[in-house]
Amino acid sequence: MFADTLHEAWTAMRYNRRSTVLTMLGLAWGIATVVLLLAYGNGCGRVMTNIFASFGTKMMILIPGRTSMQAGGQKAGAPLHFTLDDIEMLKNNVPQISRITPEVYKNASIQYDTRTFNFGVVGDHPNVASIKVLVPAQGRFYNLEDQTQRARVAVLSSEAKEKLFSGRNAQGERIRIDGLTFEVIGVLNAKMQEGDDDINRIIYVPFTTMGDLTDIHFLDSIGFNYEVNDYAELERAVRAVMAIQHKFNPVDRRALSVYSVMEQVHQFQAMALGFKVLLGLIGTITLATGGVGLMNIMLVSVTQRTREIGMEKALGSRQRDVFFRFLAEALTISFIGGLLGVALAYAIAHSVGRLTLYSAMAKHAEAGDIQLVIDPRTLLIATLFLGIVALVSGMVPAMRASRLDPIEALRHE
């Protein structure tokens, strides 16, 4: 029975070949639009992930400021000064922290051979490489032994290396930082860099060695990463501990600035989700337009075959037989159109490749460009949309055909 219904539907489609092909193409374009727009939304979401992952997502940076609220006997306007005691305080009282490092910064004169530049020099613990995702492209990052021995070793960011050494090998060479000689032990991979951002011009040295260049008693910042998901609760815990240590109001954001990467990640994820929903709605409207075309061609088919339907009913065809025959015809057109649309979407996604986005605004930001990502969930959503459109577009003509009065149908001219 089912095979006979499909055979009759196929025969009817071949009879109206031109209209059937045009309807299939309309549905194919609609389903391709849905798939590609959702793939574009997936690509945007992946861009945000790539951008933040290159800097370390579960990371917080604490920067001391000046109080703006009175707390206890402390007046507003008192400056905060971080020391190594704060590092120990946070390690002992906030167990969610997995790695933590002090950080001291200085703008220094860097010299190699006849070349001299002013670059930022940062002193950190060796674990800063894991906290900030500092990946050596050449050589190695300094380790605990280097820090213990106050070794005068340096790790260069990519642009600092290029300016000092151009295309020459930097590993093992010696540079002078404010007149002191340091050995280059590594060069970092380039990070995404917007405009005049100096992130690729920083030179990293062990925290203890930084004491040879500047006073390291007071810290410029504290960086740490963590493994928990509730970053907001973690920030509150950190503020509470630091407020007790430095006697300021925990809600005073001017006293303690907390830069949380995950907070920005979630903000961009919410934006990306809204963008995907918008694109999905646009694609659905396009697919619905194809469904209107399918309904129209099926209604025309019912009108053209009215006498045929009347004769079949007169010869004993039941109402449901006529209904399922027209519905099967609509579903078959939709199925073939859907397959063509998915194939078209994959072909376009493969041929387009990478769409320039973040690399137009930042250097070394190819990972921040959009790639059309067609995942199984995208296909499932598009298939559900197509199925709904096909059922709605097919049922109306099928119901109209099945309800025709055989006597009236036979009189139709």
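The values are calculated or read from the model by the stated rules, or taken from the named source; none is laboratory data. Please read these numbers as outputs of a predicted model, since none were measured by experiment. Ideal geometry is used to build each Cβ from the backbone, glycine not excepted, and the neighbour counts take in all protein chains shown. All accessible areas refer to the heavy atoms of the entire protein, side chains included, with ligands and DNA or RNA removed. Shrake-Rupley method; radii C 1.70, N 1.55, O 1.52, S 1.80 Å.
Couple of notes before you dig in:
- Every residue from the range 190-232 that is part of a helix (DSSP H, G or I), under 24 Å from the mean Cα position of the chain (by Cα) and either crowded, with 16+ Cβ neighbours inside 10 Å or not small (Gly, Ala, Ser) (or both): 231
- Across the range 79-94, the qualifying residues are those that are free of Cβ contacts under 8 Å to residues at least 40 places away in the same chain and not charged (D, E, K, R), and the one among them that is most open to solvent (accessible area, probe 1.4 Å) is 92.
- Annotation for the range 190-205: at least one member residue is within 30 Å of residue 37 (Cα to Cα) and among the acidic types (Asp, Glu).
- Contacts under 6 angstrom Cβ, first residue in the range 166-182 being among the aromatic types (Phe, Trp, Tyr), partner open to solvent by 40 Å² or more (accessible area, probe 1.4 Å), 6 or more apart: 182/152
- Close pairs from the range 232-252: first under 20 Å from residue 77 (Cα atoms) and among the acidic types (Asp, Glu), partner open to solvent by less than 20 Å² (accessible area, probe 1.4 Å) and part of a helix (DSSP H, G or I), Cβ under 9 Å, at least 6 apart: 252/239; 252/243
- Looking across 61, 51, 31, one residue alone is more than 30 Å from residue 373 (Cβ to Cβ) and surrounded by 14 or more Cβ atoms within 10 Å (Cβ to Cβ). It is 61.
- Residues in the range 251-269 that are touching a Ser or Thr at 6+ places or on another chain (Cβ under 8 Å) and open to solvent by less than 70 Å² (accessible area, probe 1.4 Å): 252, 255, 261, 262, 265.
- The numbered conditions (1) at pLDDT 75 or above; (2) farther than 30 Å from residue 199 by Cα; (3) among the polar types (S, T, N, Q) are all true for residue 67 except (2).
Matching residues to (1) touching a strand residue (DSSP E or B) at 6+ places or on another chain (Cβ under 9 Å); (2) crowded, with 17+ Cβ neighbours inside 10 Å; (3) at pLDDT 80 or above:
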position	(1), (2), (3)
249	yes, yes, yes
271	no, no, no
274	no, no, no
279	no, yes, no
283	no, yes, no
289	no, no, no
293	no, yes, no
297	no, yes, no
301	no, yes, no
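Residue by residue, here is whether (1) modelled with pLDDT under 80; (2) open to solvent by less than 30 Å² (accessible area, probe 1.4 Å) holds:
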| site | (1), (2) |
| --- | --- |
| 328 | yes, yes |
| 337 | no, yes |
| 341 | no, yes |
| 365 | yes, yes |
| 382 | yes, yes |
| 411 | yes, no |
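- Check on residue 391, surrounded by fewer than 17 Cβ atoms within 10 Å (Cβ to Cβ) and either modelled with pLDDT of 75 or more or among the hydrophobic types (A, V, I, L, M, F, W, C) (or both): yes
- Top-ranked residue of the range 88-110 - restricted to ones that are over 31 Å from the mean Cα position of the chain (by Cα) and of a type in the set (Lys, Arg), ranked as modelled with the lowest pLDDT: 91
- For the range 154-184, the set of residues classified as part of a strand (DSSP E or B) and either of a type in the set (Lys, Arg) or open to solvent by less than 10 Å² (accessible area, probe 1.4 Å) (or both) consists of 154, 155, 156, 174, 175, 176, 177, 182, 184, listed by residue number.
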